[in-house]
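What follows is one structure encoded as structure tokens, with my remarks underneath.
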Amino acid sequence: MKLKNNQIGVLIVIILIGGIYIAKGFDLWVTESDKIPVKLSEGIGAGSYDPFDIRGSYSFEEISDVFEMDITLLAEAFQLGDVEEAKGIKSKDLESLYGELEDDIEIGNESVQVFVAIMKELDISGSDAMLPVSAVQVLLAENPNRSEEVLTYLESHQVEAYSNGAIPEIEAQTDSEGLKVNGNTTFSQVIDFGVSKQEIEAIIGGKMPPENQSVRSYCTENGLSFSEVKEALNTLIMP
Amino acid sequence: MEKKGRSMKKKWRIRNVVQLGFFLLISVIAINKYFVENGSGSSILSSASLHSVCPFGGVVSIYNLLTVGDYVQKIHSSALVLMGLVFLLSILLGPVFCGWICPLGTFQEWIGKLGKRIFKKRYNLFVPKRLDGFMRYFRILVLVWVIYITAKTGLLVFTNVDPYYALFNFWTGEVAIQALVILVLTAIGALFVERPWCKYLCPYGALLGFANSIKIFKIYRDENTCISCDLCNQSCPMNIDVANSKKISQLQCISCFECSSESTCPVPETVEIKWGEK
Ligand code: SF4
């Protein structure tokens with residue numbers, strides 16, 4: 001059996017396009033992360049999505065969908081303009097929208113995490129992120145009877161900050177949020193960030209996992225709270 | 001002869017069209033991704049990244065998937081699907097991914113056309129044979145290094161030196177400087193040598209090259225009708241000695257089929273792509 005060049009050309013295109021089409025039919029053609037945070041394994045809200053696993057790459061529309069929150073509240077809290085505009089803005093974009101604030105204060109992804117955690121009445125112990133006054137107002141308007149712990153937090157973590165309204169230009173390193181553990185970080189990166197294997201073992205309470213495994217997948221596999229492990233590792237990275 | 005000239009031109013275009021099509025497709029995906037990240041871009045194309053449509057990403061993810069059940073960072077199942085399809089094509093036809101699809105290969109060929117104009121018959125013959133033969137092993141070393149380092153870290157380390165990623169992202173500010181340097185060196189090299197990246201450094205080419213020993217459709221040269229004009233050798237971008245081989249199973253062949261009677265060989269049915277015939 002002989003093949004001609006034009007038959008080869010057609011064969012290549014058919015196999016590739018046909019293969020992709022079949023893979024789509026079996027839901028195997030996935031080109032992006034599904035942007036779903038891990039679920040809390042224990043404590044208050046066990047079984048619900050962990051707000052502290054919200055990543056900077058999540059858009060406010062995705063956050064609103066996953067956590068079943070009205071996007072107008074998010075838009076109002078973080079001064080994101082109208083709802084349509086807010087949908088496309090990513091959590092990490094807040095840093096540029098709010099710019100540099102006094103005393104190195106930052107409004108960013110962690111502010112969104114805390115805001116969502118309070119909205120969903122989940123545990124916020126260990127958090128230290130600041131919130132703009134507008135977010136605090138939304139939280140109190142939605143539920144004036146927040147717990148004592150939350151009210152104290154809001155009192156001490158609010159800042160007069162205003163979004164400049166400009167959607168930021170793409171950042172030089174879109175998938176990096178500095179030297180911090182996020183949902184994608186592997187143990188080899190944690191080591192590169194300066195944390196020793198012994199320190200990792202102490203935090204996870206077990207033997208050092210394979211370095212090519214992500215912290216998040218290890219926590220999910222072993223029933224550990226990713227947000228707690230992440231916090232503990234981040235404390236070592238940025239003492 | 002006039003008829004043969006016209007026919008050669010027409011058939012040469014088929015591979016060119018396929019190459020151009022894939023080059024444009026990848027360009028559009030890369031540009032769309034950039035716009036999506038800036039809040040615009042087309043939803044029809046989704047916001048797939050280059051990593052998600054690179055079959056080599058599937059290859060370097062295998063170890064991670066087997067050991068910790070995770071993809072390497074930035075890699076998704078689409079890369080694994082493409083890896084499978086490219087392996088299927090390679091088993092059938094040899095590394096047609098290199099010769100017909102890879103946009104970096106196409107980019108080098110385009111620059112090579114300029115090199116051919118400048119240097120005429122001297123083009124692609126600058127590297128001394130022994131040095132060339134020695135350097136062709138480098139890409140296997142690169143393959144071993146990439147697989148080892150990706151397996152160890154779970155990260156797409158190769159991106160930092162990958163000229164393919166640099167070619168389709170140079171405007172984003174996301175490309176590591178060493179990848180840009182390698183891209184520029186590859187482009188300059190392609191003015192003198194056909195497909196220098198493919199020949200000496202491409203890890204994926206090294207892997208797919210092994211398919212040449214098992215491919216179903218092989219290239220055969222009929223010694224009885226061959227007139228020893230050497231045109232097949234001159235047309236081969238990878239400097240394979242087609243004129244003295246009965247069957248082309250050299251690991252460096254990229255299945256471009258430029259040597260075939262349909263493309264370059266002036267004698268009909270002398271260099272052909274066949275299955276099951278000798
Ligand atoms: S031997 Fe023929 S098919 Fe293989 S690379 Fe050379 S010209 Fe292309």
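The values are calculated or read from the model by the stated rules, or taken from the named source; none is laboratory data. Only a predicted model underlies this, so the values are computations on that prediction, with no experimental measurement involved. No Cβ is skipped: glycine too gets one built from the backbone with ideal geometry, and neighbour counts run over all protein chains shown. In case anyone asks, the SASA skips ligands and DNA or RNA and just uses the protein heavy atoms, side chains included. Shrake-Rupley method; radii C 1.70, N 1.55, O 1.52, S 1.80 Å.
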Apportionment of accessible area to carbon and sulfur, chain B, percent (1.4 Å): 67
As computed over segment B:10-211, the Cα convex hull volume per residue (Å³): 141
Once Rh for the protein assembly as shown is found with the Kirkwood sum over Cα pairs, what is the Stokes-Einstein diffusion coefficient at 20 °C and 1.002 mPa s, in µm²/s? 83
Would you mind checking which residues have amide H under 5 Å from residue A:159's amide H? H placed 1.01 Å from N; only 5 or more apart, or other chain. A:131, A:133
May I ask for the angle, rounded to the nearest 10°, between helix A:133-142 and the longest principal axis of chain A, with both axes built from Cα atoms and the value confined to 0 to 90°? 90
For peptide A:22-29, what's the mean number of Cβ atoms from other chains within 10 Å of each residue's Cβ? 3
Of A:129, A:49, A:105, which is farthest on the positive side of the dipole of segment A:30-133, counting Cα position, with +1 on Lys and Arg Cβ, -1 on Asp and Glu Cβ, and the Cα centre as origin? A:49
Could you state the angle between the C-alpha long axis of helix A:5-25 and the longest principal axis of the C-alpha atoms of chain A, as a value from 0 to 90 degrees rounded to the nearest 10? 40
Over segment B:217-275, relative contact order from alpha-carbon pairs under 8 Å, at least 6 apart, %: 47
Taking a probe of 1.4 Å and counting only protein heavy atoms, give the total accessible area buried between chains B and A in Å², rounded to the nearest 100. 3800
Inter-chain Cβ neighbour average for residues B:251-260, partner chain, 10 Å: 1
I'd like the orientation of helix A:226-237 relative to chain A: the angle between its Cα long axis and the longest Cα principal axis, in ° from 0 to 90, rounded to 10. 80
List the relative contact order of segment B:42-165 as a percent without decimals, with contacts defined as Cα pairs under 8 Å and 6+ residues apart. 28
Shielding by partners, peptide B:86-93 (average Cβ within 10 angstrom, other chains): 3
If a helix is a whole DSSP H run, which ones in chain B reach 30 Å or further along their own axis (Cα) and hold a mean Kyte-Doolittle hydropathy of at least -1.0? B:2-37
Distance between the C-alpha centers of segment B:257-278 and segment A:188-205? Whole Å please. 59
Beta carbons within 10 angstrom, averaged per residue: use that to sort the peptides A:102-108, B:246-252, highest first. B:246-252, A:102-108
